[in-house]
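Undergrad: The structure's right below; bear with me while I get my questions together.
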Amino acid sequence: MRAMVYRGPYKVRVEEKDMPRIEHPNDAIVKVTRAAICGSDLHIYHGMMPDTRVGSTFGHEFVGVVHEVGPSVRNLRPGDRVMVPFNIYCGSCYFCARGLYSNCHNVNPNATAVGGIYGYSHTCGGYDGGQAEYVRVPFADVGPAPIPDWMDEEDAVLLTDALATGYFGAQLGDIAEGDTVVVFGAGPVGLFAAKSSWLMGAGRVIVVDHLEYRLEKARTFAHAETYNFAEHDDIVVDLKKATDHLGADVVIDAVGAEADGNLTQHITAAKLKLQGGSPVALNWAIDSVRKGGTVSVVGAYGPMFSAVKFGDAVNKGLTLRMNQCPVKRQWPRLFEHIRNGYLKPSDIVTHRIPLEHIAEGYHLFSSKLDGCIKTLIVPNNH
Amino acid sequence: MPYTAQKPPRPRTADQLRREIPGWGVDLDPADRPSVPRERTDLDTGAHWDFPERQEERQPRERSIEHKFLPPVFGTSIPLKGLSGKVRRLAYTRYSEARAAHWLLLLAGDRIDAWESHLRSLAGPRPDNPLSETGIPAELHGHGITSRREGRRADLAHQWMDPLVVAGPWVLAVTGAALAVRALWRRRS
Ligand SMILES: [Zn+2]
Ligand SMILES: [Zn+2]
């Protein structure tokens, strides 16, 4: 089969690979019909995530058709159209039993501090991902769900991470009616977090980024006020001025490890890999939220330490909430919101690229060319 | 407004927001938010086991020393090999996830892996092609120049470093090799 493979920092190509096989009785093999490149894929593409091995296949956002199932699979049959959450999880461990699907203890030998994720380095379990023609899906009775007949395949692929994560990020903010919410990052997750903040009753939603075309999307798609931090000397002060010098009630970090805005932080984290992530957005979040406010973190960070302004968080009495999204928990409610027309996730898709041209897809997205917000990958013969 | 107990006035009332923004407030009640409360034990995950059957360990699988045993299910992509494999195995067997040495060794393993793989590819049927693998041709049809000129972008301050990350080690290696050859040549003549 054809699959994207990592060849070292900033380099990927498409290769002929062995078909994935059933390794466990509850495995399924899924033929991928749509996959996506995620902002967090850029961290592994840039070589920032420890134990990212040359030859591995990325891709944790994908939908497809069941091709084969293991002997203990009860809920899926070959031919079923399925959407697959980016979390790999057993459904039965201490954490899964409490709904913490992104923190499963039974799927990742390489680390106890992270769950299992498709195509996201050995630190996340060493699974190949879905930017390929076929992919192994463990715990087929737990993670995947049939795509409802009424749902568009491209909406479904956005539910496997970006929309679910943005919606989850807004929930972590504990938004009360009339709250002012600031979202750092106008990528897919930030746009969905901004949109979700309204659903939870926010009174104002402000999105901060440095890419004008993404801020434009934040205004039109997410009805948000916007700030381009590259045009502000000190974005924190200006956000204070915009919030009557109290600060925002809730701030959501939807940027993560490669945050721009402070060159030293960016270089030590993204280029020299001396930090688990550049905490520029997180530090701005801590400084621009009001005292007693809540900072929600859904941006991806690596396992190493980062230079976070923790004293400010302590002295301001902040609540810091964070996790990777337990995706499947979000689905029933998000399905309703999509059906009711409150959300149309595929509105943010800007590029559809054949699997064979995936290297150019990564470059466009990494360098933010051509107005790129969300790129879908179309495997051969689709 | 002076610093009083008042919440700052809102630009729009709830009724205005409900009219202007599709779905405004439908999840106002925390009971409608699927991740509230954080932990819930009443969800049906679909698991029909107390502990999953164990996947066959076809090759010795490295694991964090913070795990009691090899978890029942794991990824089988790219088993450890070569010098990078030795470095990575040391990181796993010797240091917990709490130790910086664990992660720094894994990052060192990644850099060695890239080198090993590039060299192996040069000897194989499909050598690495830095041009197509970096996706640089997308600069042409992706409006490389106009995209960067639009607005004020903070990432231009470091984008020029990207080619150095890719090509820099090669330039250093080739220069080093050339200097070594020249030094040897001079000593002989
Ligand atoms: Zn993702
Ligand atoms: Zn579990």
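The values are calculated or read from the model by the stated rules, or taken from the named source; none is laboratory data. Bear in mind the structure is a predicted one, so any value in this text is a computation, not a measurement. Virtual Cβ from ideal backbone geometry, glycine too; neighbours counted across all protein chains shown. Ligands, DNA and RNA are stripped out before the accessible areas are found, and what is left, the full protein with its side chains, is counted by its heavy atoms. Shrake-Rupley method; radii C 1.70, N 1.55, O 1.52, S 1.80 Å.
Undergrad: How do the pairs read when you match residues in segment A:82-110 that are facing chain B (nearest Cβ under 7 Å) and among the aromatic types (Phe, Trp, Tyr) with residues anywhere that are more than 8 Å from ligand 2 (Cβ to nearest atom) and in a helix (DSSP H, G or I), using Cβ under 7 Å and keeping only pairs 6 or more apart or on different chains?
TA: none
Undergrad: Could we say that residue B:41 is open to solvent by 40 Å² or more (accessible area, probe 1.4 Å), without any contact (Cβ under 8 Å) to a residue 24 or more places away in the chain, of a type in the set (Val, Ile, Thr) and within 7 Å of chain A (Cβ to nearest Cβ) here?
TA: When the stated conditions are applied, residue B:41 passes them.
Undergrad: Another question, if that's okay. Looking at B:79, B:71, which one is open to solvent by less than 80 Å² (accessible area, probe 1.4 Å), within 13 Å of residue A:126 (Cβ to Cβ), assigned to a loop (DSSP other than H, G, I, E, B) and more than 7 Å from every other protein chain (Cβ to nearest Cβ)?
TA: Unique residue meeting the criteria: B:79.
Undergrad: Turning to a different aspect of this structure: Mind listing just one residue for me: the one in segment A:334-359 that is more than 8 Å from chain B (Cβ to nearest Cβ) and of a type in the set (S, T, N, Q) and, of those, least open to solvent (accessible area, probe 1.4 Å)?
TA: Per the stated criteria, the residue is A:346.
Undergrad: Let me ask you something else. Just checking, how many residues over segment B:9-38 are surrounded by 15 or more Cβ atoms within 10 Å (Cβ to Cβ) and at the interface with chain A (Cβ under 8 Å from one of its Cβ atoms)?
TA: Qualifying residue count, segment B:9-38: 15.
Undergrad: Let me ask something else about it. Name the residues in segment A:11-25 that are surrounded by 15 or more Cβ atoms within 10 Å (Cβ to Cβ), hydrophobic (A, V, I, L, M, F, W, C) and more than 7 Å from every other protein chain (Cβ to nearest Cβ), would you?
TA: A:14, A:22
Undergrad: Right, something else. Counting only residues that are more than 7 Å from chain A (Cβ to nearest Cβ) and in a helix (DSSP H, G or I), which one in segment B:149-165 is farthest from residue A:46 (Cα to Cα)?
TA: So the residue we want is B:149.
Undergrad: Among the residues of segment B:166-189, what is the count of those that are over 30 Å from residue A:262 (Cβ atoms), among the small types (Gly, Ala, Ser) and in a helix (DSSP H, G or I)?
TA: The total comes to 6.
Undergrad: Can you pull out the residues in segment A:109-128 that are within 10 Å of ligand 2 (Cβ to nearest atom) and in a loop (DSSP other than H, G, I, E, B)?
TA: A:115
Undergrad: Return the only residue of A:271, A:291 being out of contact with any strand residue (DSSP E or B) (no Cβ under 7 Å at 6 or more places or on another chain), open to solvent by 10 Å² or more (accessible area, probe 1.4 Å), more than 14 Å from residue A:320 (Cβ to Cβ) and not assigned by TED's automatic domain parsing to the domain that holds residue A:48.
TA: After ruling out the rest, the residue left standing is A:271.
Undergrad: Also, I was wondering about something else. Kindly indicate which of A:175, A:206 is in a loop (DSSP other than H, G, I, E, B), under 21 Å from the mean Cα position of the chain (by Cα), away from ligand 2 (no atom under 16 Å from the Cβ) and assigned by TED's automatic domain parsing to the domain that holds residue A:279.
TA: That would be A:175, the only listed residue that is in a loop (DSSP other than H, G, I, E, B), under 21 Å from the mean Cα position of the chain (by Cα), away from ligand 2 (no atom under 16 Å from the Cβ) and assigned by TED's automatic domain parsing to the domain that holds residue A:279.
Undergrad: Anything in segment B:139-160 that is on the phi > 0 side of the Ramachandran plot and not small (Gly, Ala, Ser)? List them, or say none.
TA: Within segment B:139-160, B:143 is the sole residue that qualifies.
Undergrad: Among the residues of segment A:94-103 satisfying the criterion of being in contact with a Ser or Thr (Cβ under 9 Å, 6 or more places away or on another chain) and of a type outside the set (Gly, Ala, Ser), which is nearest to ligand 2 (Cβ to nearest atom)?
TA: A:96
Undergrad: Are any residues in segment B:44-57 touching a Pro at 6+ places or on another chain (Cβ under 9 Å) and open to solvent by 70 Å² or more (accessible area, probe 1.4 Å), and if so, which ones?
TA: Across segment B:44-57, the qualifying residues are B:51, B:53, B:54.
Undergrad: Cβ-Cβ below 8 Å, separation at least six or inter-chain, first residue in segment A:155-170 and away from chain B (no Cβ under 12 Å) and more than 13 Å from ligand 1 (Cβ to nearest atom), second part of a helix (DSSP H, G or I) and open to solvent by 10 Å² or more (accessible area, probe 1.4 Å): which pairs?
TA: A:155/A:338; A:155/A:346
Undergrad: Scanning segment A:360-382 for residues that are open to solvent by 10 Å² or more (accessible area, probe 1.4 Å) and not in a loop (DSSP other than H, G, I, E, B), which turns out nearest to residue A:260 (Cα to Cα)?
TA: Ranking the qualifying residues of segment A:360-382, first place goes to A:366.
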